[in-house]
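Worksheet: the structure to be examined is printed underneath.
The values are calculated or read from the model by the stated rules, or taken from the named source; none is laboratory data. Since we're looking at a predicted model, the values are computed, not measured. Every residue, glycine among them, receives a Cβ derived from its backbone with ideal geometry; neighbour counts consider all protein chains shown.
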Amino acid sequence: MCFPRFHFSILIVLATCCSGCRRTDGIVAVAQTASETDAAAVNPFRRRLTAPEFDGGVEWVNTAGPVKLADLRGRFVLLDFWTYCCINCMHVLPELKKLEHVYPEELVVIGVHSAKFDGEKDSQNIREAALRYEIEHAVVNDAEMRIWRAYGARSWPTLVLIDPAGDVVWAASGERTFDDLKALLDRGLPYYREQGLLKPAPRLQVLTDAGRPATPLRFPGKVLAGPAGGRLFIADSNHNRIVVAGLDGRLQSVIGSGAIGRADGPFDQASFNHPQGMAVIGDALYVADTENHLLRKVDLAKASVTTIAGTGEKGDAWPQRAAPNATPLASPWALWPHDGALYIAMAGPHQIWRMPLDESDIGPYAGNGREAIDDGPLLPQRPYDPSYASFAQPSGLASDGRWLFIADSEGSIIRTVPFDPNGETASLVGPTGATLFDFGDVDGVGDTVRLQHPLGVAWHDGKLYVADTYNNKIKVVDVARRECRTLAGTGQPGDADAADGAQASFNEPSGLAAAAGKLYVADTNNHRIRVVELTAPYRVSTLQIDGLTPPQP
């Protein structure tokens with residue numbers, strides 16, 4: 001069909017991306033059919049269209065300079081249109097990394113970062129995200145979405161394959177696996193090799209954090225204050241470990257070797273993959289091992305780690321309640337214990353899950369699986385039933401004992417879920433019933449409040465505290481009045497402590513914990529734990545963790 005806006009023909013391809021991720025009214029894609037021949041004498045890609053140049057990017061954030069399509073002739077080029085807030089985009093990144101390592105000289109991956117949120121348009125924020133996600137390919141900041149429009153993308157993630165001759169030969173939106181993409185390349189490689197069009201070359205050099213000074217913490221995601229003993233548990237996410245310290249910063253123990261893995265065993269041998277949320281009950285510490293798609297249980301008395309839920313593979317089907325170790329999970333991000341059960345913010349399927357502490361079963365508790373902002377009854381019998389509640393990448397949990405408070409990050413809203421399964425989800429502050437693109441930085445009451453991708457919540461002394469992540473602020477909510485106001489942070493990224501919290505600065509804070517009249521903040525991009533005193537003027541300081549060093553390579 002003809003698509004004059006983008007000046008080349010496109011073939012609509014159905015994709016598995018959630019509707020909530022869509023940005024524009026156009027669509028995507030050129031594709032080949034499964035019936036096309038694999039013979040080296042015949043090009044297996046029936047439809048081929050000249051690829052537009054990468055014009056319009058604001059800045060290339062992790063490579064020495066701009067990359068031109070002509071410079072990549074002779075290799076396959078895979079464009080990944082992504083935005084760093086999106087859980088679907090996060091799921092694709094490790095698949096691309098595996099592909100890059102299998103085809104280091106035949107394939108070039110280019111990340112085209114076309115932002116959803118205002119905070120994501122900043123090149124430095126994208127640079128930090130590329131380091132946090134350990135991306136090994138070049139990324140262009142497409143802040144004005146000019147490359148996005150040139151290629152007809154409409155949703156995150158979208159993948160576009162360009163052949164060694166410079167033609168678009170395939171594209172699709174939604175999550176794609178390593179196996180999907182490898183099969184695609186393996187079909188094309190014989191033809192281009194036979195025709196002399198394939199010209200392997202070394203991978204593009206990207207800038208890494210190797211030259212940066214090592215920090216004791218690396219992109220800490222969540223923080224938890226134990227109910228007794230004055231312990232602070234820190235998800236040292238990019239060091240793949242859990243740090244245990246006193247509220248005064250005195251180091252007590254480190255859980256995990258620092259290597260990426262899923263090994264159970266003693267603290268120094270166990271391994272994680274970018275852990276996030278935690279919950280503690282007595283001597284049991286539960287950990288959302290996010291990129292392993294697992295739940296882990298730490299015996300603090302015996303200093304050992306075991307896996308209690310998940311298969312290690314990302315779940316993508318509508319789940320029924322089943323045995324925890326036989327049920328695939330999808331990016332568990334936050335945990336909360338209540339009345340003999342563990343509640344889980346399952347970011348991948350946009351749901352809240354529940355597992356009894358006897359580990360007898362696990363499954364969804366609330367959410368129809370749609371990425372949206374809809375209040376209503378908790379859990380439908382069939383997927384995506386619009387008459388039930390829906391969430392948008394839930395990423396933080398807290399409770400007052402009656403309600404479960406949820407930082408519903410992609411909706412930029414705080415939600416409430418009752419512990420009574422016959423109750424209904426409601427919206428506390430933020431744009432009720434709005435689209436996923438209603439965000440901002442507005443204090444106020446109820447529906448008038450605007451947040452920007454909040455990732456953390458904490459309940460303390462009758463108030464709910466919010467990590468308003470992309471606004472670089474800490475906010476406080478009077479739940480009874482549904483009133484939200486800024487507690488600390490200027491709104492600009494920085495790492496300044498201050499006697500007056502309004503003068504302090506943070507850089508994408510994502511985790512909160514309250515104890516002893518103080519709020520502990522996982523200040524993610526600053527690689528620090530910050531401390532906010534909960535009496536005016538809300539002094540902000542940095543917690544020094546004595547004796548903590550980065551893990552050995």
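Going through ALA284, ALA303, ALA279, ALA235 one at a time, which residue ends up being crowded, with 24+ Cβ neighbours inside 10 Å and either in contact with a strand residue (DSSP E or B) (Cβ under 8 Å, 6 or more places away or on another chain) or among the charged types (D, E, K, R) (or both)?
Every option except ALA235 fails the conditions.
Please verify whether ALA372 is within 30 Å of LEU436 (Cα to Cα), touching a Phe, Trp or Tyr at 6+ places or on another chain (Cβ under 7 Å), surrounded by 21 or more Cβ atoms within 10 Å (Cβ to Cβ) and not charged (D, E, K, R), treating the condition exactly as stated. No.
Set side by side, the residues ARG193, ARG218, ARG187 differ, and just one is within 22 Å of the chain's Cα centre (by Cα) and among the basic types (Lys, Arg), which is ARG218.
For region 339-356, enumerate the residues that are surrounded by 15 or more Cβ atoms within 10 Å (Cβ to Cβ), closer than 16 Å to PHE419 by Cα and not hydroxyl-bearing (Ser, Thr, Tyr). Residues satisfying the conditions are ALA341, LEU342, ILE344, ALA345, GLN351, ILE352, TRP353, ARG354, MET355. If you go through region 56-108 and pick out every residue that is touching a helix residue (DSSP H, G or I) at 6+ places or on another chain (Cβ under 7 Å) and under 17 Å from ALA143 (Cβ atoms), you end up with 13.
Restricted to region 474-524, the set of strands (runs of 3 or more DSSP E) holding at least 2 residues that are buried (at least 20 other Cβ atoms within 10 Å of the Cβ) and out of contact with any helix residue (DSSP H, G or I) (no Cβ under 8 Å at 6 or more places or on another chain) comprises 509-515, 518-523. The set of residues in region 254-311 being over 18 Å from LEU357 (Cα atoms), assigned to a strand (DSSP E or B) and touching a Ser or Thr at 6+ places or on another chain (Cβ under 8 Å) consists of ILE260, GLY265, PRO266. Among the residues of region 47-65, what is the count of those that are in a loop (DSSP other than H, G, I, E, B) and under 21 Å from THR158 (Cβ atoms)? Summing the residues that are in a loop (DSSP other than H, G, I, E, B) and under 21 Å from THR158 (Cβ atoms) in region 47-65 gives 12.
Residues in region 19-45 that are over 25 Å from PHE117 (Cα atoms) and either modelled with pLDDT of 90 or more or aliphatic (A, V, I, L, M) (or both): VAL30, ALA31, ALA34, ALA39, ALA40, ALA41, VAL42, ASN43, PRO44, PHE45. One residue alone among ALA389, ALA347, ALA317 is under 25 Å from ASP264 (Cβ atoms) and either among the aliphatic types (A, V, I, L, M) or touching a strand residue (DSSP E or B) at 6+ places or on another chain (Cβ under 7 Å) (or both), and that residue is ALA347. I'm trying to understand the selection: among the residues of region 406-422, which are closer than 27 Å to ASP118 by Cα and crowded, with 24+ Cβ neighbours inside 10 Å? Correct list: ILE406, ALA407, ASP408, SER409, GLU410, GLY411, SER412, ILE413, ILE414, ARG415. Screening VAL61 with (1) modelled with pLDDT under 95; (2) in contact with a Cys (Cβ under 6 Å, 6 or more places away or on another chain); (3) not polar (S, T, N, Q) gives one miss only, at (2). Scanning region 380-397 for residues that are under 29 Å from ASP468 (Cβ atoms) and over 24 Å from the mean Cα position of the chain (by Cα), we see that the one that is surrounded by the fewest Cβ atoms within 10 Å (Cβ to Cβ) is PRO386.
Among the residues of region 97-117, the ones that are of a type outside the set (Gly, Ala, Ser) and touching a His at 6+ places or on another chain (Cβ under 7 Å) come to 4 in all.
If only residues of region 84-128 that are surrounded by fewer than 22 Cβ atoms within 10 Å (Cβ to Cβ) and among the hydroxyl-bearing types (Ser, Thr, Tyr) are counted, the one that is nearest to PRO44 (Cα to Cα) is TYR103.
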